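Working notes for the structure below.
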Amino acid sequence: MTDSSDKSKDVEGAEADSPKWSHLPTVPLRKMAKKTLGEILTESTNITKDQLDEALRIQSAQSGSKLGEILIEKNLATEEDILRALAYQLDLPYYNRLPVNDIDPALVDSIPIYFCRDNKILPVARDDFSVTVAVADPLNIFPLDDLRLIISANISMVVTSASQIDNAINRVYERSNDSSQKVIDELNVPDVNADEDLDQARDLLESSDDEKPIIKLVHGLLARAVKEKASDIHIEPYETEIMVRFRIDGALQDKMEIPRRHGNSLASRVKIMGKLNIAEKRVPQDGRISIKVAGKEIDVRLSVLPTAHGERIVMRLLDKSSGTKRLDQMGFDPEIYQKWTTLIEQSHGIILVTGPTGSGKSSLLYAALMHINTSDINILTIEDPVEYQLNGVGQIQVNDKVGMGFAEGLRSILRQDPDVIMIGEIRDATTAQIAIQSSMTGHLVLSTLHTNDTSSTVTRLMDFHIQPFQITSAVLGVMATRLLRKLCVHCREAYVPSDRDLSMMEITREELGDRKIYKSGGGCDRCQSVGYKDRMGIYELLVFDDDIREVISRTQDGKIIKKVALEKGLVTLRGAAFKKVLAGMTSLEEALQNTQADEFEALDA
């Protein structure tokens with residue numbers, strides 16, 4: 001791409017980086033600059049006259065092609081270069097960034113979202129004379145004529161990129177549909193009809209105003225949860241109200257209270273979406289919902305549980321469009337990354353990932369499979385549930401209702417000539433035995449266990465009746481993982497740590513030096529007043545080398561195994577968390593809350 005920064009000042013008058021919508025100019029659509037688009041581009045970018053002439057020759061030979069598209073295709077200009085020049089030619093404002101928070105959602109109340117998406121246009125401001133509309137193609141006036149009829153107002157234009165408009169459309173329509181409290185006030189309606197047809201493929205932001213309030217409420221909750229990047233929605237009935245909470249970055253946050261009398265309608269609507277039996281309120285039910293929100297495909301795992309005050313609902317949200325992270329995006333320290341990649345590239349043996357629910361085990365296994373996935377190996381997985389689709393990997397869904405559990409599926413997988421097997425979780429002795437035997441007969445097996453750290457994995461395998469000689473022969477290594485919340489960089493506060501803080505992190509004030517320690521600053525608008533935003537992984541990797549195997553052959557005591565591993569340089573989860581604290585990425589409080597000290601270390605101290 002060409003760098004036009006040295007000439008952009010020539011068209012600076014047509015550009016605004018931080019617009020104030022209340023002061024946007026109203027520009028006649030037919031006012032034209034005297035210069036051609038090509039002349040403007042040669043003056044404002046690094047495009048030469050010869051390059052422009054060549055592009056014009058291509059345009060004349062290709063009927064219907066646009067000069068800007070040709071220049072972009074030949075890497076002579078960027079989309080921004082073309083739009084800025086076009087805006088200057090038409091005497092229209094050009095914006096690098098649309099201040100989405102300043103756009104009134106009421107502007108789109110009468111405009112279908114698909115109309116804005118298809119035509120890359122969006123109303124952004126209104127004054128006494130006209131409505132200002134952001135457009136990505138100011139030469140396409142036909143959608144503007146249609147929009148003028150829809151909103152019954154004159155139109156003036158500002159120019160911006162298609163990506164800016166797409167982002168603004170999603171966020172403005174999210175705010176337009178996020179009227180949950182208003183919907184609650186409209187909830188004096190009977191229960192939802194069980195026979196109502198539900199179009200699950202439709203984007204929830206396209207919900208119409210004439211839908212029943214309870215439907216709008218559920219759609220609004222789902223859209224809001226996706227917008228706030230919640231992993232779970234909890235709908236909890238109590239004696240006088242229904243509490244709605246979102247789990248965001250691993251922590252539950254209160255979001256809304258709904259009058260208790262609407263509990264049956266709310267539960268019925270959610271159960272209809274999950275294709276559950278709305279007449280059955282005495283036993284737990286599990287279901288699945290597929291929805292779209294702001295163009296994102298969301299898979300919702302639904303659990304309904306009868307309680308004393310009604311049915312408790314938990315919905316786990318999985319954004320299928322976000323995909324999985326690569327191994328080099330998981331936040332490993334270089335040393336652990338090198339050791340981990342060496343393990344997963346072995347031809348046989350078993351590698352285990354441990355940690356509680358929601359600690360990032362599945363994401364780590366998916367990243368490992370993506371790293372080793374090549375056309376010359378056969379990878380098969382058995383999971384409950386299949387969270388992400390991986391190209392080139394055969395993925396099997398556990399279905400206990402028809403007798404397709406982990407053990408049964410694993411037996412069948414072994415007849416499919418696999419090179420690598422991924423087992424979602426080792427839950428019982430039978431699965432553990434098959435997994436160990438498979439790893440000893442030429443297969444690389446990856447799986448998860450629920451243990452607190454790496455060394456206690458040996459004790460857990462012993463509980464599954466795995467013999468010490470099988471452990472030392474089959475297990476290549478164990479990775480323990482946790483997720484820590486990141487401090488919001490916009491509101492975090494630096495502070496001077498106490499001697500006790502430094503002692504816990506096993507660092508002296510001299511070793512700390514000029515490094516800053518941060519704590520939560522109480523929150524801001526960017527982190528929803530929480531003080532934290534997003535999460536990161538920390539890891540403890542125990543490689544089963546000859547020394548560790550020799551210890552396991554003598555004792556299965558996890559404390560002794562870990563003590564030997566520490567002497568060999570093992571970095572514990574707590575140690576990894578303290579590294580993140582010293583790097584200013586999280587707080588000491590978050591590190592202590594999500595990790596624990598070793599008992600024998602405390603005794604030794």
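One table, with the values for the structure above:
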| read-out | value |
| --- | --- |
| Top-ranked residue in the range 347-378 [being open to solvent by 50 Å² or more (accessible area, probe 1.4 Å) and in contact with a Leu (Cβ under 6 Å, 6 or more places away or on another chain); ranked as nearest to Val543 (Cα to Cα)] | His348 |
| Residue check for Ser265: buried (at least 19 other Cβ atoms within 10 Å of the Cβ), touching a residue at least 12 places away in the same chain (Cβ under 8 Å) and hydroxyl-bearing (Ser, Thr, Tyr) | yes |
| Every residue from the range 69-94 that is crowded, with 21+ Cβ neighbours inside 10 Å, closer than 18 Å to Asp50 by Cα and more than 33 Å from the chain's Cα centre (by Cα) | Leu71 |
| Pairs, first among the polar types (S, T, N, Q) in the range 582-596, second open to solvent by 60 Å² or more (accessible area, probe 1.4 Å), C-beta under 9 Å, six or more apart | Thr586/Lys486; Ser587/Arg492; Ser587/Lys519; Gln596/Asn452 |
| Residue in the range 229-247 that is modelled with pLDDT under 90, loosely packed, with under 14 Cβ neighbours inside 10 Å, part of a loop (DSSP other than H, G, I, E, B) and touching a helix residue (DSSP H, G or I) at 6+ places or on another chain (Cβ under 6 Å) present | yes |
| Residue pairs meeting the criteria (Cβ under 9 Å; at least 6 apart or on separate chains; first closer than 30 Å to Asp166 by Cα, in the range 279-305; second of a type in the set (Phe, Trp, Tyr) and surrounded by 13 or more Cβ atoms within 10 Å (Cβ to Cβ)) | Ala294/Tyr173 |
| His450 vs. criteria under 30 Å from Asp525 (Cβ atoms), under 30 Å from the mean Cα position of the chain (by Cα) and open to solvent by 50 Å² or more (accessible area, probe 1.4 Å) | no |
| Some residue of the range 448-455 being in a helix (DSSP H, G or I), closer than 26 Å to Gly392 by Cβ and at pLDDT 90 or above | no |
| Selection from the range 171-186 of residues that are surrounded by fewer than 21 Cβ atoms within 10 Å (Cβ to Cβ) and at pLDDT 75 or above | Arg171 |
| Residue count, the range 286-296 (criterion: more than 14 Å from Leu317 (Cα to Cα) and crowded, with 20+ Cβ neighbours inside 10 Å) | 1 |
| Residues satisfying the stated conditions in the range 453-462, i.e. open to solvent by less than 10 Å² (accessible area, probe 1.4 Å), touching a residue at least 40 places away in the same chain (Cβ under 8 Å) and not β-branched (Val, Ile, Thr) | Ser455 |
| Residue match in the range 542-551 (condition: assigned to a strand (DSSP E or B) and either under 37 Å from the mean Cα position of the chain (by Cα) or among the aromatic types (Phe, Trp, Tyr) (or both)) | yes |
| Members of the range 272-296 found to be modelled with pLDDT under 90, in a strand (DSSP E or B) and charged (D, E, K, R), listed by number | Arg288, Lys292, Lys296 |
| Residue count, the range 297-314 (criterion: modelled with pLDDT under 95, under 22 Å from the mean Cα position of the chain (by Cα) and crowded, with 16+ Cβ neighbours inside 10 Å) | 5 |
| Within the range 573-595, considering residues that are assigned to a loop (DSSP other than H, G, I, E, B) and open to solvent by 20 Å² or more (accessible area, probe 1.4 Å), the one farthest from Thr354 (Cα to Cα) | Ala583 |
| Per-region count, the range 122-159, residues out of contact with any strand residue (DSSP E or B) (no Cβ under 8 Å at 6 or more places or on another chain) and open to solvent by less than 20 Å² (accessible area, probe 1.4 Å) | 0 |
| Breaking point among (1) closer than 24 Å to Asp328 by Cα; (2) open to solvent by 40 Å² or more (accessible area, probe 1.4 Å), for Val393 | (2) |
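The values are calculated or read from the model by the stated rules, or taken from the named source; none is laboratory data. Small disclaimer: the values here were computed from a predicted structure and weren't measured. Note that each Cβ is placed from the backbone with ideal geometry, even for glycine, and that neighbours are counted across all protein chains shown. Quick note on the areas: whole protein, heavy atoms, side chains included, nothing else; ligands and nucleic acids left out. Shrake-Rupley method; radii C 1.70, N 1.55, O 1.52, S 1.80 Å.
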